[in-house]
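Chemist: Provided herewith is a single structure, encoded as structure tokens, for subsequent inquiry.
The values are calculated or read from the model by the stated rules, or taken from the named source; none is laboratory data. Keep in mind the model is a prediction, meaning the values are calculated, not measured. Please note: Cβ atoms are built from the backbone with ideal geometry, for glycine as well, and neighbour counts cover all protein chains shown. Just so you know, the surface numbers come from the protein's heavy atoms only, side chains and all, with ligands and any DNA or RNA stripped out. Shrake-Rupley method; radii C 1.70, N 1.55, O 1.52, S 1.80 Å.
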Amino acid sequence: MDAAVFRAWIVSAAAVVEANRDHLTQLDAAIGDADHGTNLARGFTAVLGALDAAGVSAAEPMVPGAILTLTGNTLISKVGGASGPLYGTAFRRAGKALGDAADVELPALAAALEAALAGVQQLGAAREGDKTMVDALAPATRAFGKAVAEGASATDALGALAEAAEAGAQATIPMQALKGRASYLGPRSVGHEDPGAVSTALILGALRDAARAGR
């Protein structure tokens, strides 16, 4: 997958976050600050502007790693609360893992996703079952890595990625939050889907869609 696919991923992610902005905010209103959708949509709008500006000023097209790193840097600088640092770290770690490669093979993407997950867990000190974005990102990364190791096609591997993320987000509904603002609610956090897990699933679904469209 080349830079065009990765840029398409970020454009698609921005669109799907914007389309689900109110839904994400409603989910966050139940167990958080009621700003997740608004903040993330604003951040991705800023990312699109940064990518456009970088594309105009660059002598050569940006490589995939640079696209993800710029995405991460922008989210950190533009998104408040926990979302900016967490999503920003995920994209930055993934970008660093990809390095300067102009084309990304599936094993390299698997390693980048693992780096993203490690960064999120290090920063947020969250594990699976804590009712956070990790509950979508971890099973998705695991499913993708397994599919790649078994020789799956890009379409099938990315399909497994997105499906595992969606299932992981759904699985947060019966969980009690153990991290973040939602943890303050104790048992009252049970019965609500975690907004970070949902937005993570949306963003990974955007990667699947962008890769399929680019093939």
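Chemist: Please verify whether region 152-162 includes one or more residues that are within 21 Å of the chain's Cα centre (by Cα) and either assigned to a loop (DSSP other than H, G, I, E, B) or closer than 14 Å to Asp130 by Cβ (or both).
Modeler: To start, the set of residues in region 152-162 that are within 21 Å of the chain's Cα centre (by Cα) comprises 154-162.
Narrowing further to those that are either assigned to a loop (DSSP other than H, G, I, E, B) or closer than 14 Å to Asp130 by Cβ (or both): none.
No: region 152-162 contains no residue that is within 21 Å of the chain's Cα centre (by Cα) and either assigned to a loop (DSSP other than H, G, I, E, B) or closer than 14 Å to Asp130 by Cβ (or both).
Chemist: If you go through region 163-181, how many residues are assigned to a helix (DSSP H, G or I) and either modelled with pLDDT of 90 or more or open to solvent by less than 10 Å² (accessible area, probe 1.4 Å) (or both)?
Modeler: 8
Chemist: What is the residue count in region 94-112 for residues that are assigned to a helix (DSSP H, G or I) and either without any contact (Cβ under 8 Å) to a residue 24 or more places away in the chain or exposed (fewer than 13 other Cβ atoms within 10 Å of the Cβ) (or both)?
Modeler: Total meeting the criteria: 3.
Chemist: Do you know which of the residues in region 90-125 that are in contact with a Leu (Cβ under 8 Å, 6 or more places away or on another chain) and farther than 23 Å from Val148 by Cβ is modelled with the lowest pLDDT?
Modeler: Gly124
Chemist: Still on this structure, please answer the following. If a residue must be in a helix (DSSP H, G or I) and either touching a Ser or Thr at 6+ places or on another chain (Cβ under 6 Å) or of a type in the set (A, V, I, L, M) (or both), how many such residues does region 115-146 contain?
Modeler: Going through region 115-146, the residues in a helix (DSSP H, G or I) turn out to be 115-124, 134-146.
Within this subset, residues satisfying the condition of being either touching a Ser or Thr at 6+ places or on another chain (Cβ under 6 Å) or of a type in the set (A, V, I, L, M) (or both) are 115-120, 123, 134-138, 140, 143.
Number of matching residues: 14.
Chemist: Within region 129-146, restricting attention to residues that are over 16 Å from Leu207 (Cα atoms) and over 15 Å from the mean Cα position of the chain (by Cα), which residue is surrounded by the most Cβ atoms within 10 Å (Cβ to Cβ)?
Modeler: Looking at the filtered set, the residue picked out is Lys131.
Chemist: Let me confirm something: among Gly186, Gly191, which residue is free of Cβ contacts under 8 Å to residues at least 24 places away in the same chain and open to solvent by less than 20 Å² (accessible area, probe 1.4 Å)?
Modeler: On the way: Gly191 fails: open to solvent by less than 20 Å² (accessible area, probe 1.4 Å).
Just one listed residue meets the conditions, Gly186.
Chemist: Next up: Name every residue in region 9-42 that is closer than 19 Å to Pro61 by Cβ and either over 14 Å from the mean Cα position of the chain (by Cα) or open to solvent by 40 Å² or more (accessible area, probe 1.4 Å) (or both), in order of residue number.
Modeler: Val11
Chemist: Next question. Any residue at all in region 36-45 that is over 25 Å from Ala211 (Cα atoms) and in contact (Cβ under 8 Å) with a residue 40 or more places away in the chain?
Modeler: Yes.
Chemist: Check region 191-212 and report whether any residue there is assigned to a helix (DSSP H, G or I) and over 22 Å from Ala14 (Cα atoms).
Modeler: No, region 191-212 contains no residue that is assigned to a helix (DSSP H, G or I) and over 22 Å from Ala14 (Cα atoms).
Chemist: Give the residues of region 76-89 that are of a type in the set (Gly, Ala, Ser) and either in a helix (DSSP H, G or I) or at pLDDT 95 or above (or both), sorted by residue number.
Modeler: Ser77, Ser83, Gly84, Gly88
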